[in-house]
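First the structure, in the form of structure tokens, and then the observations on it.
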Protein chains: 2
Amino acid sequence: MLKKKNKKIFEINGVSLSSVHSGMYRKKRLDLSIMCINKNSVVSGVFTKNKAKSSTIIISQENLKKMMPKYIIVNSGNANAGTGSDGYKDIMTYSNALANKAKCSTDQILIFSTGVIGERIKVNNIIKAIPKLLSNLKGDKWEDFSKSILTTDTNNKIVSKNLKIKGKQVKITGVSKGSGMIQPNMATMLSFVATDIRIKKTTLSKILKKVTDSSYNMISVDGETSTNDASLLVATCENNVDYDKLSFKDQNIFYNTLEQVYIDLAKEIIKDGEGATKFITININNASSQKESKNIAMSIANSPLVKTALFAEDPNWGRILSAVGNAETKLKDLTKIKISLGKFLVFKNNKIYKNYIEKNCKKYLKNKNISINIDCANGKYNSTAWTTDLSYEYIKINADYRT
Amino acid sequence: MLKKKNKKIFEINGVSLSSVHSGMYRKKRLDLSIMCINKNSVVSGVFTKNKAKSSTIIISQENLKKMMPKYIIVNSGNANAGTGSDGYKDIMTYSNALANKAKCSTDQILIFSTGVIGERIKVNNIIKAIPKLLSNLKGDKWEDFSKSILTTDTNNKIVSKNLKIKGKQVKITGVSKGSGMIQPNMATMLSFVATDIRIKKTTLSKILKKVTDSSYNMISVDGETSTNDASLLVATCENNVDYDKLSFKDQNIFYNTLEQVYIDLAKEIIKDGEGATKFITININNASSQKESKNIAMSIANSPLVKTALFAEDPNWGRILSAVGNAETKLKDLTKIKISLGKFLVFKNNKIYKNYIEKNCKKYLKNKNISINIDCANGKYNSTAWTTDLSYEYIKINADYRT
């Protein structure tokens, strides 16, 4: 965990939340939540591409196609994954219990889980908690909600922004969780963002895909895509601002703020990356395509050798060069690229920069926030990715996870 | 480093070797070698696909196309990579010096290097050592040669076999080096194998590609492809056994022995993998294609979460399932796969195996040699990969590399 901030959290009209300790963890901590969303809402989701996906993901994807959801139920402490038909039945049992109590169809319920893979979930604990969850729904419970979804995270992740469009307030509040098993492929471990803007579902889905590409899809702690990744975007349509009828300029104001919420949530995950002692920003400029710039960024972000060197505060730039060389690109060779660490130019004209002074760069690497900047001199596309260093602590956390 | 064996090393007629301490390392250890190969030899090579490749690789690839090599010069302690045109000139300077002394063309010299990226090599140290290297060439110096190419390796890697074809002895001796920055893509860090068989160059190249696919291309320590990977196969043709004229059955006898040499050398690299405390064999069976079986094997071999769990001797099979789910495959879901740790069936029918007993599996994971076995139930193709666990020591070695 790198740092923590105080933030103002805006309630979103049309969203209420409730969290309890249901006993997924022995320790007394919030571990189960429901979110209730009003009936005019539109909801879009992006989900893991891992083929060992949790039944929660399969059910939620199907339900989202059928109708607009009314409830979202999320637990930590158990991933509901790798448990086959028994696990599927477990989920449907507590989804049914919620549907009965809340007087809705199970098709209107989305289910998400995060935690250990392969163990059966404590269904009865969930069923027992449902009445309390339903009776305590409130609009100002985002903080509790963000805490209830954590696993190895050391910090809850919550971002809230408001903006004005045509004199009217629009609000966006979102939470995420994730610390290890992080290389989202379409979505991160878990993310729930809500806004009160009015918007069509097709537009919302396009926007979600686009902001995901520049936020969650640009982070990696360990190159692992989880079985339970899910990112949900809710628009409650409670506000009179109708996105689809806005001018291009006003649409951009909303889009840019929403994108910033996602980027901030993604960066919170990296700041809380397992064992992280550094927050590393990788800027790739002047690539021949968006994909090329992303491939180079992620090749560096996932290189254990670059990450151990940064942990050691060692400007071993040869490892960065090698990671660029390993990325899938259209570069024939790397003779034209430039590598900088922060503002320090390190590699140019296919060799170490003539004015490079290692001790200055070593001093720079003592900072918590480090940037690696690559100029590809191969086109006009840019990408930014965020990653952690790789420390003893990452090994410790993941060697100790179940013990 | 996991273990060490005593082996008989066969000389290869037509190959002589010589090694010295040239001062690439301050410590007194062998760090520079030449190999002289007789004029009737045929030589094939496979080389790194990293685009930041060392100039040594570019020069050697070009020379190998022009004519049969007479000398190979190899150093450790410096990768001759990331040094641009200056580095290129350095290499040509000492290649010229060797050509003059040895009375051959620079086109007949292949150059290989391994060590730190981005630093200029000590050209004068090499030039000074050349006379001594040339005057000490002997057929029985494979052991010294194998030691001179090591970097972070803790163990020299040498495999030697002989076989009989039609009553005649055929010999194969090879060395390799590698410990970190290991996910060979066409070749490993450095490998030199020689045989006295008679063979056409086109046949030799085909064979080298094929044995590489089932040996060096199936190992990973850290998913990093080096800038200097090179694997050279020399056939001196000193023997009267002519591979191209052999029966299919006799060709197979030679091929299988050669493949075993490569697999043994690849396994030596994994046993010496940076920080390794386990030697992990990953068997993928019944995949729908060779590529699918390899993709699954390498997804497991490169998963930091699987590797930290194995370091902790924790049968956290959910991470293996997730790694299978992340591989590029034609599997629609993982409902039919089976996962075993050693002989212990863990996952079947899309859930934990009903007779699975965790404590037995935990006991099994205390062994140094662990196998992970996946039955894909999706076809008839099999692959085997080899990898290490991921330990504190890996971080230590790579955080300390230049300090």
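The values are calculated or read from the model by the stated rules, or taken from the named source; none is laboratory data. As the structure is a prediction and not an experimental result, all values here were calculated from the model. In this analysis, Cβ positions are derived from the backbone assuming ideal geometry, glycine residues included, and neighbour counts consider all displayed protein chains. The area values use the complete protein model at the heavy-atom level, side chains included, leaving out ligands, DNA and RNA. Shrake-Rupley method; radii C 1.70, N 1.55, O 1.52, S 1.80 Å.
A few comments on the model shown:
- The selection criterion, being part of a loop (DSSP other than H, G, I, E, B) and away from every other protein chain (no Cβ under 14 Å), does not hold for A:ASP213.
- Comparison of B:ASN285, B:ASN240, B:ASN256 shows that the only residue that is modelled with pLDDT under 90, out of contact with any Ser or Thr (no Cβ under 7 Å at 6 or more places or on another chain) and more than 14 Å from chain A (Cβ to nearest Cβ) is B:ASN240.
- Residue check, B:LEU233 surrounded by fewer than 24 Cβ atoms within 10 Å (Cβ to Cβ) and farther than 30 Å from A:ILE320 by Cβ: no
- So B:SER303, is it open to solvent by 20 Å² or more (accessible area, probe 1.4 Å) and either out of contact with any helix residue (DSSP H, G or I) (no Cβ under 9 Å at 6 or more places or on another chain) or among the polar types (S, T, N, Q) (or both): no
- Near pairs, Cβ below 7 angstrom, 6+ apart or cross-chain, from the range B:118-135 (at negative phi) to any residue that is open to solvent by 40 Å² or more (accessible area, probe 1.4 Å) and modelled with pLDDT of 95 or more: B:VAL123/B:THR93; B:ILE130/B:LYS101; B:PRO131/B:LYS101; B:LEU134/B:LYS101
- Qualifying residue in the range B:111-127 (condition: assigned by TED's automatic domain parsing to the domain that holds B:VAL74 and over 30 Å from A:TYR356 (Cβ atoms)): no
- Considering the conditions (1) buried (at least 17 other Cβ atoms within 10 Å of the Cβ); (2) within 21 Å of A:SER60 (Cα to Cα), A:LYS206 is excluded by exactly one of them, (1).
- All strands (runs of 3 or more DSSP E) inside the range B:327-403 with 3 or more residues being within 12 Å of chain A (Cβ to nearest Cβ): B:344-348
- Subset tally (residues that are more than 23 Å from A:VAL20 (Cα to Cα) and assigned to a loop (DSSP other than H, G, I, E, B)) for the range A:76-89: 2
- Top-ranked residue of the range A:323-333 - restricted to ones that are over 14 Å from A:GLY379 (Cα atoms) and without any contact (Cβ under 8 Å) to a residue 40 or more places away in the chain, ranked as farthest from the chain's Cα centre (by Cα): A:ASP333
- 2 or more residues open to solvent by 40 Å² or more (accessible area, probe 1.4 Å): qualifying strands (runs of 3 or more DSSP E) within the range A:90-184: A:157-165, A:168-177
- Qualifying residues in the range A:288-306 (those that are more than 21 Å from B:GLU119 (Cα to Cα) and without any contact (Cβ under 8 Å) to a residue 60 or more places away in the chain) - the one farthest from the other protein chains (Cβ to nearest Cβ): A:LYS291
- Being crowded, with 22+ Cβ neighbours inside 10 Å, modelled with pLDDT of 90 or more and farther than 17 Å from B:SER220 by Cβ is a property that holds for B:LEU321.
- Single unsatisfied condition, B:ALA377 versus (1) in contact with a strand residue (DSSP E or B) (Cβ under 6 Å, 6 or more places away or on another chain); (2) surrounded by 23 or more Cβ atoms within 10 Å (Cβ to Cβ); (3) among the aliphatic types (A, V, I, L, M): (2)
- Being open to solvent by less than 30 Å² (accessible area, probe 1.4 Å), acidic (Asp, Glu), modelled with pLDDT under 95 and closer than 23 Å to A:GLY77 by Cα is a property that A:ASP196 lacks.
- Counted residues, the range A:307-318 - those being without any contact (Cβ under 8 Å) to a residue 60 or more places away in the chain and either open to solvent by less than 10 Å² (accessible area, probe 1.4 Å) or within 7 Å of chain B (Cβ to nearest Cβ) (or both): 7
- Among residues of the range B:136-147 that are closer than 9 Å to B:LEU30 by Cα, none has a beta-carbon under 8 Å from a residue that is in a helix (DSSP H, G or I) and of a type outside the set (A, V, I, L, M, F, W, C) at least six positions away or on a different chain.
For every residue, the table says whether it meets (1) in contact with a Phe, Trp or Tyr (Cβ under 6 Å, 6 or more places away or on another chain); (2) surrounded by 19 or more Cβ atoms within 10 Å (Cβ to Cβ); (3) of a type in the set (D, E, K, R).
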| residue | (1), (2), (3) |
| --- | --- |
| A:GLN251 | no, no, no |
| A:TYR255 | no, no, no |
| A:GLN260 | no, no, no |
| A:LYS271 | yes, yes, yes |
| A:GLY275 | yes, yes, no |
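- Qualifying residues in the range B:48-67 (those that are within 14 Å of chain A (Cβ to nearest Cβ) and not in a helix (DSSP H, G or I)) - the one most open to solvent (accessible area, probe 1.4 Å): B:LYS49
- So B:LEU341, is it farther than 27 Å from A:PHE311 by Cβ and either at pLDDT below 95 or open to solvent by less than 50 Å² (accessible area, probe 1.4 Å) (or both): yes
- Criterion: touching a strand residue (DSSP E or B) at 6+ places or on another chain (Cβ under 7 Å) and within 17 Å of A:LEU246 (Cα to Cα) - qualifying residue of A:LYS171, A:LYS206: A:LYS171
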